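Before any comments, here is the structure.
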Number of protein chains: 2
Amino acid sequence: MLPSETKAMKERIIDVAQGFVQTRGFNAFSYRDLAEQILIRTASIHYYFPKKDDLGLALIQRYCADFEGAIRNIDDAERSPKNRLSAYLKMFLDLSKGGARLCLFAVFSAELPTLSERIQDEVRIFYETNIDWLNDVVSEGRSAGFFSFSGESRDVASAIFSFLEGEMLVRRVFPAEAHSPEIPPAIRLLLSWKG
Amino acid sequence: MLPSETKAMKERIIDVAQGFVQTRGFNAFSYRDLAEQILIRTASIHYYFPKKDDLGLALIQRYCADFEGAIRNIDDAERSPKNRLSAYLKMFLDLSKGGARLCLFAVFSAELPTLSERIQDEVRIFYETNIDWLNDVVSEGRSAGFFSFSGESRDVASAIFSFLEGEMLVRRVFPAEAHSPEIPPAIRLLLSWKG
DNA sequence: ACCAGTCTATCTGCGCATCGATAGGTTGTC
DNA sequence: GACAACCTATCGATGCGCAGATAGACTGGT
């Protein structure tokens, strides 16, 4: 087979694994679960990811890379801090559309002590990427007069991120109330967002 | 052994199990882990909790009851909405002291689809207990002029709870930054909390 | 004698992981 | 351009240990 097909299979395994992680957690799916879904044998998955930890690492690394790409796209498409933040919120909350899936940060944080150091490091990187970006948007937005709040912009950035992660957990428990507004009230309160 | 000792053993099993759940998740500990810690055999644990699900249910039911007791204590000890909220926040954030342990809500939400209906129902009850109480405190605090915010008090209550759950996930990933203020900046922003 | 509580022994099934085999593509070299 | 040597991707079989769970025997208090 061609190398391109190899890559496709690797990606396919990660795709399915990511679905399992986001719905059930990293410790609650097996190579057998993956194999059944993909219609191959578990031994074939071991060929690409010798240890489950290798799969976990590949998973979160791709997730981080995708996320970085997504926020770079936002920066390219939108100039206003308000629109950039809106786009970010939409992306984040769409992730948990209907409460089916969680952000990997939430899942891996819940299981953190059972995960390898390499994966824990990636979780930290994901957080920092998000906070740095939010900090930019929030402080730019304040300078431009879109938002007003007291204190450090980094505290606001951190609050937004924590809120979003917690909100995903809540939405999963109450999937019915999925018809929520574009901008959660909490965000308006945190930023004194007008309009 | 005396019935009182029976009860003691049951509680002891729940104690140890709760520790495991809060640190590693419900799917990442076994009856063997419990048995080793408690210095009994796994069969003895099955005597009290025939299925792991029975243990999980007992666990969260006790947790909910404890929590309800704790907020009733707060209401008895404090009259000012400000002090009541402070006490609640302290209780909540002390729970994750150093990031070692998570609130059961966060853990069970992360693993939700792998849990039984009975446990999922308890998770919902826990959420509603908290939101109802926070709603009371927040709306009383607004009437009394301690807090000021626009919109529904229930949205603020919900935002506080989501923030706290998310904040616990974040703190677990960054245990170093444990020297945080009594009232998180996010809460001050949400409520326009003065003083 | 009874009963609660604990034990030992054991079951079945699944967890991750490895091995060796095989079918087919790729490459090198004469 | 043919053949050997190698590489890629997959497989079946299997190992070892742990998972939750149960049956049945022991023990000590009343």
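The values are calculated or read from the model by the stated rules, or taken from the named source; none is laboratory data. None of the values given here were measured: they were computed from a predicted structure. Note that we place each Cβ from the backbone using ideal geometry, even for glycine, and neighbour counts take in every protein chain shown. Remember, those area values only see protein heavy atoms, side chains included, never the ligands or the DNA or RNA. Shrake-Rupley method; radii C 1.70, N 1.55, O 1.52, S 1.80 Å.
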Mean-position separation - Cα centroids, the range A:1-72 and the range B:41-120, in angstrom: 33
Shortest-first distances to equivalent copies, position B:E78, nm, label 7 Å out along Cβ: 3.6
Under Karplus coefficients 6.51, -1.76 and 1.60, residue-wise ³J(HN,Hα) of the range A:132-146 in Hz, glycine/proline x: 4, 5, 4, 4, 4, 4, 5, 6, 4, x, 5, 4, 7, x, 6
Debye-sum result for the range A:136-188 in log10 I(q)/I(0), which assumes one identical scatterer on each alpha carbon, at q = 0.25 Å⁻¹: -1.00
Shape category assigned to the range A:55-129 from the gyration tensor of Cα positions, a/c cut at 1.5: prolate
Label point at A:L95 placed 7 Å out along Cα→Cβ; residues across the range A:152-176 whose backbone nitrogen lies under 15 Å: A:158-172
Dimensionless Rg/Rh of the protein assembly as shown - Kirkwood Rh, Rg from C-alpha atoms: 0.99
Per residue accessible area in Å² of the protein assembly as shown, where ligands, DNA and RNA are left out and the probe is 1.4 Å: 45
Extension gain (nm, one decimal) between A:Q120 and A:A43, 0.36 nm per residue minus Cα-Cα: 25.1 nm
Calculated label separations, B:D33, copies of the chain, 7 Å along the beta-carbon direction, nm: 1.6
Accessible area buried at the B-A interface, both sides summed, 1.4 Å probe (Å², nearest 100): 3100
Reachable lysines from A:K90, criterion Cα separation under 20 angstrom, eight or more residues apart if same chain: A:K82, A:K194
20 °C / 1.002 mPa s Stokes-Einstein diffusion coefficient of the range A:1-77, Kirkwood radius on C-alpha pairs, µm²/s: 160
Label-to-label distance, nm, for residues given as B:S148 and B:S80 (7 Å Cα→Cβ offset): 1.8
Heavy-atom accessible surface of the protein assembly as shown: percent carbon and sulfur, 1.4 Å: 51
Label 7 Å beyond Cα on the Cβ vector: B:L89 copy-to-copy distances, nm: 2.2
Those lysines that a straight Cα-Cα span of less than 19 Å connects to A:K51, excepting residues fewer than 8 apart in one chain: A:K7, A:K10
Over the range B:3-191, relative contact order from alpha-carbon pairs under 8 Å, at least 6 apart, %: 24
For chain B, convex hull of alpha carbons as volume per residue, Å³: 131
The range A:104-195: radius of gyration over Cα atoms, expressed as a fraction of 2.2 N^0.38 Å: 1.24
